[in-house]
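Contents: one structure, followed by commentary.
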Amino acid sequence: MSGVIDLFLDRRRVPATWWSLVAGILDLFVGVVSFTVTITLLATSAGLLIVFPLALPLIWLLFVVATGLARAERGRWRALLGIEIPELRPPLPDESWFRRLFARVGSAARWREIAYLVLVLPLGVLGVLVLAVWCGAAALLLLPAYVAALPRHTADFGPIAASQGIGAALAALLGLAGMLSAPALTRAKGRFDVWVARSLLGPRRRDELAARLAVSERGREAAVDTAEAERTRIERDLHDGAQQRLVALAMDLGMAQEKFDTDPEAARELVTGAHAEAKRALVELRGLVRGIHPAILTERGLDAALSSVVARATTPVSLHVDVPERPSAAVESAAYFVVSEALTNVDRHAQADRALVEVVRRDGRLVIEVTDNGRGGADGDRGTGLAGLHERVEALGGWMQVLSPRGGPTTVLVEMPCGS
C-alpha cells in the first residue's frame, strides 16, 4: 500500500505526470492548427509549382509560418516541462530575397520543423487516448458508488456489463489497475513527445557544426576588418597629428641651429617653440597609445579605466561598475572601447545633459549598458562609430544592440562571455 501512495505522492513524479498530461492534451489543439496551416500551404505551394513565380510567395510564407509555429512549440515545451530545445539553423545569406528563399528550401533543419508541425496532430490523438485511459480507469474505479443509479443497476460496456456486487467490484479493481498504470503511460507519452520535438525541432550535430563554422567565419572576417580599420586609423592619426608636429619640430630646431651664431635671441625663441611643439607631440602620442590599449586598463582594471573615460567626457556621466573578477583581456578591452565610443557619440551627437554607464558581471557574461537622455536617432550603420565595435563584440561571441528612437533616449546594450 505504501508503494501505491509513493507512486501518487512522489514530488518528482507528480508534476511531470500532470504536466505531461496537459502537454499531451494540448497536442491535439496545437496539432489541428499546425497540421491545417502547414498542409494547406505545402499543398498549395506544390500545386502552383507549374506556374513557378506564383508559388514563390507561398513557399516563402510556408517557411516563415513554420518558423513561427516551431518557435512557439519550443516555448510550449519550455513552459510546461522545462525542456530547452535550442533553435539553431545555418544562417541565411546576406544577399537577395531569392537567395535567402532558396537557402530556406535547401535547409534540412527547416524541413524537419515542417515535419514536426505535421506530426503534432497524430501525437495529439495519442494524447486523447492517454486521457481516455485516465477517464475510463476513474469511471471503473468509482463504479460501485454510482452503479445503483444507472438504468437496470448495470453499467454496459458493449460486450461486457457490470452490475452491483461482484461485477462492480471487479470493475473497480480493473479501474484501480488503470489508475496505477495511467501515470507511467502519461510520462511515457510525454517522453515520446519530447523525443520527437528534440529530434525534429532541435539541432543536429551537423547543424551545430555548420552554425559554429558560419559564426567563426563571420568572426574571422570581422576581426580582419576591425584590424584593418584600426591600422588605417593609427596611420591617419600619426600622419595628421604627431608626424606633422615632429616635422615642424625638426624644422624649428634646424633654423635655431643656423641662428645660434648670428641671432641668439631668435634661436632661443625657436628652441622655446620647438620645446612646446615636442610637448604637444607627446600628448598626441599618449592619446594615440591610449586609443590602442590604455595602460590604466592593464594595470588597474575596467573600473579605473572607465573612470578616466567618464572624467574626460563633457556630458555629466554616472558610472556603476560591478565586476568582482576581471574578464579576459580581449573582453575587457572591447568593453572599454564600447563605453569610450558610446560616450564620444553622446558628447558629439546626442545633445544630452546626462548619461549613465553600467557594467556588471552576471551569470558568466559581461553586461554593458550606456544610456543618455539626448535626441536619439543613433544608428550603428550610418557612421556613428559603433559598426566596428559591433563586429568586435560579435567576434568575441557576444551581441550588441543600439536602441535609439527619434527623440531619445539612446541605449547601447552589450553582452559578452566573460572568459577569464
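Structure summary
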item: Pick from the stretch 398-420, criterion exposed (fewer than 15 other Cβ atoms within 10 Å of the Cβ) and either in contact with a Pro (Cβ under 8 Å, 6 or more places away or on another chain) or over 20 Å from Ser328 (Cα atoms) (or both), ranking: modelled with the lowest pLDDT; result: Ser420
item: Selection status of Ala155, open to solvent by less than 30 Å² (accessible area, probe 1.4 Å) and at pLDDT below 75; result: yes
item: Only listed residue being open to solvent by 30 Å² or more (accessible area, probe 1.4 Å) and either more than 17 Å from Trp19 (Cα to Cα) or modelled with pLDDT under 60 (or both), chosen from Ala188, Ala211, Ala184, Ala223; result: Ala223
item: Filtered residue count, the stretch 280-308, keeping only those that are in a loop (DSSP other than H, G, I, E, B) and at pLDDT 70 or above; result: 1
item: Residue count for the stretch 324-359, restricted to those that are without any contact (Cβ under 8 Å) to a residue 40 or more places away in the chain, outside any helix (DSSP H, G or I) and closer than 16 Å to Asp303 by Cα; result: 3
item: Residue identified as among the small types (Gly, Ala, Ser) and modelled with pLDDT under 80 among Ala149, Ala137, Ala72, Ala66; result: Ala149
item: Close pairs from the stretch 110-134: first open to solvent by 10 Å² or more (accessible area, probe 1.4 Å), partner not in a helix (DSSP H, G or I), Cβ under 8 Å, at least 6 apart; result: Arg110/Arg89
item: Some residue of the stretch 68-85 being crowded, with 17+ Cβ neighbours inside 10 Å and part of a loop (DSSP other than H, G, I, E, B); result: yes
item: Among the candidates Ala330, Ala311, residue that is open to solvent by 30 Å² or more (accessible area, probe 1.4 Å) and modelled with pLDDT under 85; result: Ala330
item: Pairs where the first residue, in the stretch 298-323, is closer than 12 Å to Ile368 by Cα and the second is of a type in the set (S, T, N, Q) and crowded, with 19+ Cβ neighbours inside 10 Å, C-beta under 8 Å, 6+ apart; result: none
item: Qualifying residue in the stretch 13-32 (condition: assigned to a helix (DSSP H, G or I), over 20 Å from Val133 (Cβ atoms), open to solvent by 60 Å² or more (accessible area, probe 1.4 Å) and at pLDDT 80 or above); result: yes
item: Residue match in the stretch 372-395 (condition: among the aliphatic types (A, V, I, L, M) and modelled with pLDDT of 85 or more); result: no
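The values are calculated or read from the model by the stated rules, or taken from the named source; none is laboratory data. None of the values given here were measured: they were computed from a predicted structure. Positions of Cβ are backbone-derived with ideal geometry, glycine not excepted, and every protein chain shown enters the neighbour counts. We work out accessible area using only protein heavy atoms, side chains counted, and drop any ligands, DNA or RNA first. Shrake-Rupley method; radii C 1.70, N 1.55, O 1.52, S 1.80 Å.
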